[in-house]
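Structure, as structure tokens:
The values are calculated or read from the model by the stated rules, or taken from the named source; none is laboratory data. Keep in mind that this is a model prediction, so the values were computed, not measured. Counting neighbours? That spans all protein chains shown, and the Cβs are built from the backbone with ideal geometry, glycine included.
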Amino acid sequence: MKLEKTTIDTSQWVQEYADYLFNFALSRLNDEDLAKDLVQDTFIAGMQGLSNFKGNSAVKTWLVSILKRKIIDVWRQKETRKTDTFSSYFSKGPLGEGWLENHRPKGRISEIEEAMENAELKTAIFGCVQGLPEKYKTVFMDKMVDEKDSEEICKEHDITASNFWVIIHRAKLQMRECLEKTWFND
Amino acid sequence: MIDCKKAALLVEKKKYVKLPFFSVFGLKFHMSICKDCRHYENDSKAIDHLIKMVYDNSAKLSEEEKQKMIEKLQER
Ligand SMILES: [Zn+2]
């Protein structure tokens with residue numbers, strides 16, 4: 001390890017990046033203690049891996065990539081079977097693929113917004129996001145929560161643009177249905 | 001012809017990219033005849049809004065927690 005690199009001030013890291021990393025982890029795990037632990041672990045891994053840090057990306061980006069891997073590990077541990085139910089939303093008819101009878105959107109989700117202050121709603125939303133398959137979840141969160149550039153997300157996940165849109169589309173369908181089912185109990 | 005599956009995809013896509021003219025036109029036409037997809041679009045927008053509200057990224061660690069982190073890092 002080159003000595004000069006270890007002189008990076010890690011306490012500065014905490015001041016600069018801890019809140020960002022904490023929010024990043026919290027939004028993906030919905031567990032404060034776990035999020036804190038992972039942020040700490042990320043800084044430790046960052047220090048230890050300092051010699052691998054090429055300096056061609058921003059420190060923040062680099063730390064986020066470490067944190068992301070840790071979050072995915074947690075997801076994998078928790079993963080109960082998550083299936084992509086996409087194929088069952090539509091069926092082929094004379095006019096192409098139409099909504100299946102029991103999956104037709106009812107346009108009721110906006111009614112939920114009024115219950116926003118309700119803690120149960122937050123739990124429902126977190127639960128539905130957690131229920132997405134891993135790959136959808138990372139892409140969906142990057143786009144919807146972090147509002148990252150689509151091209152950047154494609155590069156990071158090594159997917160094509162059309163693949164990206166299909167993932168967003170499927171994640172959204174699943175989210176919609178999950179919210180409707182959870183909130184309106186049907 | 002744009003069917004419901006394609007329409008739902010375009011509804012997502014058009015929030016972020018400019019659709020080619022024929023898609024805009026096809027989607028408009030489909031929406032004018034399909035209530036389910038109009039509902040879908042409303043739901044989709046509502047979800048975007050809900051997510052923005054829930055995930056506001058405004059949580060902060062206290063100074064004390066940050067100090068603890070720094071100490072743990074310096075132990076190493
Ligand atoms: Zn339709």
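Values as computed for the structure displayed
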item	result
Residues of region A:172-186 that turn out to be part of a helix (DSSP H, G or I) and within 16 Å of A:Leu121 (Cβ to Cβ), as a count	9
B:Glu12 being within 15 Å of the ligand (Cβ to nearest atom), more than 7 Å from chain A (Cβ to nearest Cβ), surrounded by 17 or more Cβ atoms within 10 Å (Cβ to Cβ) and not hydroxyl-bearing (Ser, Thr, Tyr)	no
Subset of region A:167-184 [of a type in the set (Val, Ile, Thr) and at the interface with another protein chain (Cβ under 7 Å from one of its Cβ atoms)]	A:Ile168
Elements of type helices (runs of 4 or more DSSP H) contained in region A:2-112, each with 3 or more residues being modelled with pLDDT of 90 or more	A:10-29, A:32-48, A:59-78, A:109-112
Residue match in region B:28-39 (condition: buried (at least 17 other Cβ atoms within 10 Å of the Cβ), modelled with pLDDT under 95 and either farther than 30 Å from A:Met47 by Cα or within 16 Å of the ligand (Cβ to nearest atom) (or both))	no
Residues satisfying the stated conditions in region A:101-142, i.e. within 16 Å of the ligand (Cβ to nearest atom) and surrounded by fewer than 14 Cβ atoms within 10 Å (Cβ to Cβ)	A:Glu101, A:Asn102
Answer residue from region B:40-61, given it is within 16 Å of the ligand (Cβ to nearest atom) and acidic (Asp, Glu) and is nearest to the other protein chains (Cβ to nearest Cβ) among those	B:Asp43
Options A:Cys154, A:Cys178; residue that is closer than 18 Å to A:Ile72 by Cα and at pLDDT 90 or above	A:Cys154
